[in-house]
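Okay, so here's the structure we're looking at.
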Amino acid sequence: KQEVTQIPAALSVPEGENLVLNCSFTDSAIYNLQWFRQDPGKGLTSLLLIQSSQREQTSGRLNASLDKSSGRSTLYIAASQPGDSATYLCAVRGTTDSWGKLQFGAGTQVVVTP
Amino acid sequence: DAGVTQSPTHLIKTRGQQVTLRCSPKSGHDTVSWYQQALGQGPQFIFQYYEEEERQRGNFPDRFSGHQFPNYSSELNVNALLLGDSALYLCASSSNGQRGYEQYFGPGTRLTVT
């Protein structure tokens, strides 16, 4: 059974500092891994999707890496801003999940202080 | 192009009652998945509907049921509500197109059971 873990559960950094968020998964048989952002009480906004054959994906200040063999992904956010304050969730889709079912971690709550 | 929409936004029910939540998928999508997100946790997969049939189901009791209509919109029904059913309910739509069942999430319905 796939288990997805995100450590730390919460993180506070001063504005301008780089953010490093970690995600680990127990079963390396994944189809893809996705990072989401969630503002309090709101839905999920997709940030980056990494296919299992890829090592990383980049979008603006965001960069996500994937090491499937070790069951790890890292989301880097450069030069953090107060607007980056949110909960960040990672989710994996297994190779046997033919129709896209996602398995989520519990998230890392990020606060960026001015 | 409207994204995934959900109604209502918030709902308060009493233990033992029944509730119906609604979801309209993103244009061009034919598959709807439902997730439950308890406070401080990641979303948990409830079930998925395709061609008006339940195609996949997570580890949720039969009190949770759903329906999909010919226009691909979907309902989630929960009977005999328990206090533990209080959560954010997220709908995600997808299709087996170019992006291969990538899930697009709605804003969610916040259910409070008292």
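The values are calculated or read from the model by the stated rules, or taken from the named source; none is laboratory data. Not measured: the values here are computed from a predicted model. Note: ideal-geometry Cβ built from the backbone for every residue, glycine included; neighbour counts use all protein chains shown. Ligands, DNA and RNA are excluded from the accessible area calculation, which covers all protein heavy atoms including side chains. Shrake-Rupley method; radii C 1.70, N 1.55, O 1.52, S 1.80 Å.
Just from the alpha-carbon atoms, what are the Rg and Dmax of region B:31-86 in angstroms?
In order Rg, Dmax, the Cα atoms of region B:31-86 give 11.6, 35 Å.
Using r as the Cβ-Cβ distance of B:Gln17 and A:Ser98, and R0 as 45 Å, what FRET efficiency do you calculate, to the nearest 0.05? Spell out each step's value before the answer.
On the way: r = 36 Å, r/R0 = 0.79.
E between B:Gln17 and A:Ser98, to the nearest 0.05, is 0.80.
Counting only heavy atoms of protein chains, what accessible area per residue, in Å², does chain B have with a probe of 1.4 Å?
Working: 5470 Å² over 114 residues.
Per residue, chain B has 48 Å² of solvent-accessible surface.
Counting partner chain Cβ atoms within 10 Å of every residue's Cβ in A:91-101, what's the average?
Numbers: counts 4, 0, 4, 0, 0, 0, 4, 5, 11, 13, 12.
Neighbouring Cβ atoms belonging to other protein chains average 5 per residue here.
What number do you get for chain B when its Cα radius of gyration is normalised by 2.2 N^0.38 Å, N = residues?
Relative to the rule-of-thumb radius for its length, chain B sits at 1.01.
Counting C-alpha atoms alone, how compact is region A:29-82: give Rg to one decimal and Dmax as a whole number, in angstrom.
For region A:29-82, the Cα radius of gyration and maximum Cα-Cα distance read 12.1, 36 Å.
Using alpha carbon centroids, what distance separates region A:22-71 and region B:34-89, in Å?
Centre-to-centre (Cα) distance: 24 Å.
How big a patch of accessible area, both sides summed and in Å² to the nearest 100, lies buried between A and B at a 1.4 Å probe? Before the final figure, lay out each step's value.
Values: alone 6200 and 6220 Å², together 10870 Å².
About 1500 Å² of accessible surface is lost on pairing.
I'd like the carbon and sulfur percentage of the solvent accessible area for the protein assembly as shown, probe radius 1.4 Å, heavy atoms only, ligands and nucleic acids excluded.
Working: 5110 of 10870 Å².
Looking at the protein assembly as shown in its full context, I get 47 percent from C and S.
Considering only the other residues whose Cβ falls under 12 Å of the Cβ of B:His67, what net charge follows from Lys and Arg at +1 and Asp and Glu at -1? Don't jump to the answer; show the numbers that get you there.
On the way: positive: B:Arg22; negative: B:Glu52, B:Glu53, B:Glu54, B:Glu75.
It works out to a net charge of -3.
Picking from A:Leu102, A:Asn63, A:Asn22, whose Cα lies most toward the positive end of the charge dipole for chain A (charges on Cβ: Lys, Arg +1; Asp, Glu -1)?
Among A:Leu102, A:Asn63, A:Asn22, the one farthest towards the positive end of the dipole of chain A is A:Leu102.
Could you give me the ³J(HN,Hα) list for region A:11-25, computed from phi with Karplus coefficients 6.51, -1.76, 1.60 and θ = phi - 60°, whole Hz, x at Gly and Pro?
8, 10, 9, x, 3, x, 7, 7, 9, 10, 10, 10, 9, 10, 9
With θ taken as phi - 60° and the coefficients 6.51, -1.76 and 1.60, list the Karplus ³J(HN,Hα) couplings across region B:31-44 in order, rounded to whole Hz; mark glycine and proline as x.
Karplus values, whole Hz, x for Gly and Pro: 10, 10, 10, 10, 10, 10, 10, 6, 4, x, 10, x, x, 10.
Using the Cβ atoms and a cut-off under 9 Å, what net charge is assigned to the surroundings of B:Val19, where Lys and Arg are +1 and Asp and Glu are -1?
My count for the surroundings of B:Val19 gives 0.
Provide the solvent-accessible area of B:Thr112, counting protein heavy atoms only and rolling a 1.4 Å probe, rounded to the nearest 10 Å².
My reading of the accessible area for B:Thr112 is about 60 Å².
For the protein assembly as shown, please report how many Lys pairs fall under 25 Å Cα to Cα, leaving out neighbours fewer than 8 apart on the same chain.
7
If the viscosity is 1.002 mPa s and the temperature 20 °C, what Stokes-Einstein diffusion coefficient in µm²/s follows for region B:1-56 when Rh is the Kirkwood radius over Cα pairs?
Details: Rh = 13.3 Å.
For these conditions, the coefficient is 161 µm²/s.
Using the Cα atoms of the protein assembly as shown, I'd like the radius of gyration and the largest Cα-Cα distance, Dmax, both in angstrom.
In Å, with Rg to one decimal and Dmax whole: 17.5, 50.
Report the percentage of all Cα-Cα pairs in chain A whose separation exceeds 26 Å, rounded to a whole percent.
Here the tail beyond 26 Å accounts for 14 percent of pairs.
With a cut-off of at most 11 other beta carbons within 10 Å, and DSSP calling the residue loop, which chymotrypsin sites (Phe, Trp or Tyr not before Pro) in region A:36-114 qualify? Please list them. Before the final figure, lay out the partial values.
Values: sites: A:Phe36, A:Tyr76, A:Tyr88, A:Trp99, A:Phe104; in loops: A:Trp99.
Hits after loop and neighbour filter: nothing returned.
What are the ³J(HN,Hα) values, in whole Hz, obtained from phi via the Karplus relation 6.51 cos²θ - 1.76 cosθ + 1.60 with θ = phi - 60°, for each residue of region B:108-114 in sequence order, with x given for Gly and Pro?
x, 10, 8, 9, 10, 10, 10
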